[in-house]
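Everything below concerns the one structure shown next.
The values are calculated or read from the model by the stated rules, or taken from the named source; none is laboratory data. These numbers come from a predicted model, not from an experiment. Don't worry about glycine lacking a Cβ; one is built from the backbone with ideal geometry, like all the others, and counts go over all protein chains shown.
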Amino acid sequence: MECKGACVMPKVLCCAIDYYRKIFHNDPSVGSFAPGRVNLIGEHTDYNDGFVLPVALPLGTVMIGSKNHSNCVHIVSKSENIGSQVDVKFDLPESGKLEKGEPKWANYVKGVISYFRGEVKEGFNAVIVSSVPVGGGLSSSAALEVATYVFLEALTGQINNDLKDKAFRCQKAEHDYANMPCGIMDQFISVMGEKGSALLLDCRSLEVTMIPLQSESDVILITNSNVKHELSASEYPVRRKQCEQAAELLGVKSLRDVDFEKLESNKSLLPLIVYKRARHVVTEIFRTTEAAQALRINDFASFGKLMIESHNSLRDDYEVSCSELDQLVSIATAVDGVYGSRMTGGGFGGCTVTLLKQSAVDLAIKNIKNKYDGKPLFYITAPSSGAKNLTPLLEEELINKLLD
C-alpha cells in the first residue's frame, strides 16, 4: 500500500458518510477530523520535560453524527483493527462522569465527553472512521480523542479556543480512561499541526515553534512494519517510572535538568538499567534541539544522522525497538539518497520514519519490499494540518474542497 497524503481524508469522510447513512438512515449534521502524527525525532522525551519534533499527517480520524433527541449515545466504528466490537451504546449520566467499560476503544470517547469543557446534555448517533493504523506508533489514540473533542464542539456549539487546554483535556481522557500515562506531544500536534511545518514543542514550557518543512525534492516515508509486540503497553509505564527514578536519584525534577556531563559524573548513583534509560533521554533531548536547528537551515544530511543516532539509542539504551524495526532502518539507510531513518512511536513494533530525497523513494520502497521479512505498508507524506471542524463540508458537493 502506498498512500500519498492529500487523497486520504476525503476518502475517509466519504466512507464515513456512506456508512452513517446505511446505519442511521439519515444524514449527519456535524463532523470533525483529527490527524495522526509522526515524530521525526524526540522519542520518549515528552514525559521527561524534553523537546519533540512531530508533524501532523494526512492520515486521521473522522467522526460524523447528529443529535438523536435522547439520552443515549450510539457510536459505530468502522476503523480497522479496533477490536471485535464496533458498536457501542451508553447513556449520558445525569451528573458526574461516565464509567469505563467495554469495548476499550470507546473509553477514549467516554473520557473526552467527561472532560469536555462544556456540557453534553443530549445523546447522539455517530460514526468513526480512521485511516491511522492502530498500534502503528502514529497516534491513533490522540486522533480519536481530538476528533471526538472537535465533534462535541460542533455538536454543542461550545468552542474551546484555548488549544492547549483542549489538548490537555484529551490527554487527561487517555490517562484516566485508557490508563496510559502518555505525554502531551500527540494531542498537541493533532490539535495544532500546520501544513508544511514541523512542530517543535518544549514539553516543559509548552512553547510551540513551527519550523518549515516544505522541500519539493525531499519527502517523509513512513513504513509500517505490520508487527506489534505485546510488550508495548506494559513496558511504557515501566520506562516512565525508570526515568522518574533516575531524576529522583540525581536530585532533579526531571531528566530535562540533566546534561550528559552531569549524568556521567553521577553514573554510580544509578542502577545500570536506569542509567541507560536516562542516557537515552538526556542525549535524545540534545539531538532534538540539534535536529531542529538543522531543519531551520535545510541541512537534511545532519538531520538524518541525528535520526540514525536516535534509533540506535532507542534500540540499545531505551530498549524499545525490535528486530523488525531494526531491519527496516538498516535497509532504508543503505539506499543512496536516504538522509536518515528511525523507529517512531512507543516502540516494540509499529512504524519507522525515513527522510529521503524524492528521487530515492521508489528504490527505497523496492528494497524494503524485497529484503524485509514482513509485509510492510508505505505512506509517502508531508506535514499536514491539525484538527478541523468538517461540518461545512458535509454536503456532498462540497467534499471536493477537502482536496485543496
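Residues in segment 376-404 that are at pLDDT 95 or above and more than 17 Å from Gly60 (Cα to Cα): Pro376 alone. Per the listing Tyr318, Tyr339, the residue uniquely buried (at least 21 other Cβ atoms within 10 Å of the Cβ), touching a helix residue (DSSP H, G or I) at 6+ places or on another chain (Cβ under 6 Å) and over 21 Å from Val55 (Cα atoms) is Tyr318.
Yes/no matrix, rows are residues, columns are (1) within 25 Å of Gln214 (Cα to Cα); (2) surrounded by fewer than 22 Cβ atoms within 10 Å (Cβ to Cβ); (3) under 21 Å from the mean Cα position of the chain (by Cα):
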position	(1), (2), (3)
Glu290	yes, yes, no
Phe300	yes, yes, no
His311	yes, no, yes
Gly350	no, no, yes
Lys369	no, yes, no
Ala382	yes, yes, yes
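Scanning segment 34-63 for residues that are aliphatic (A, V, I, L, M) and within 15 Å of Val208 (Cα to Cα) turns up Val52, Leu53, Val55, Ala56.
The rows are residues; the columns are (1) of a type in the set (Asp, Glu); (2) assigned by the TED database to the domain that holds Ser341; (3) closer than 30 Å to Leu206 by Cα; (4) surrounded by 14 or more Cβ atoms within 10 Å (Cβ to Cβ).
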residue: Asn26; (1), (2), (3), (4): no, no, no, no
residue: Ile41; (1), (2), (3), (4): no, no, yes, yes
residue: Val52; (1), (2), (3), (4): no, no, yes, yes
residue: Ile64; (1), (2), (3), (4): no, no, no, yes
residue: Phe90; (1), (2), (3), (4): no, no, no, yes
residue: Ile113; (1), (2), (3), (4): no, no, yes, yes
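Just to be sure before I move on: is Ser254 within 30 Å of Ala360 (Cα to Cα), of a type in the set (Ser, Thr, Tyr) and not assigned by the TED database to the domain that holds Pro58 in the structure I sent? In short, no. If you check Phe303, Phe348 for being within 13 Å of Ile41 (Cβ to Cβ) and aromatic (Phe, Trp, Tyr), only one passes: Phe303.
Looking only at residues of segment 344-361 that are at pLDDT below 95 and in a strand (DSSP E or B), we find that the one that is farthest from Ile220 (Cα to Cα) is Gly349. Out of the residues in segment 240-261 meeting the condition of being exposed (fewer than 14 other Cβ atoms within 10 Å of the Cβ) and assigned to a helix (DSSP H, G or I), tell me which one is farthest from the chain's Cα centre (by Cα). Across segment 240-261, the extreme among qualifying residues is Glu261. Assess whether Ser225 counts as being surrounded by 19 or more Cβ atoms within 10 Å (Cβ to Cβ), polar (S, T, N, Q) and outside the structural domain of Lys366 (by the TED database). In short, no. The listed residues are Ser70, Ser79, Ser66, and the only one of them that is hydroxyl-bearing (Ser, Thr, Tyr), assigned to a strand (DSSP E or B) and either within 30 Å of Ile308 (Cα to Cα) or in contact (Cβ under 8 Å) with a residue 40 or more places away in the chain (or both) turns out to be Ser66.
Each residue in segment 369-396 was checked for being without any contact (Cβ under 8 Å) to a residue 60 or more places away in the chain and either under 29 Å from Asp162 (Cβ atoms) or of a type in the set (D, E, K, R) (or both), and 5 of them qualify.
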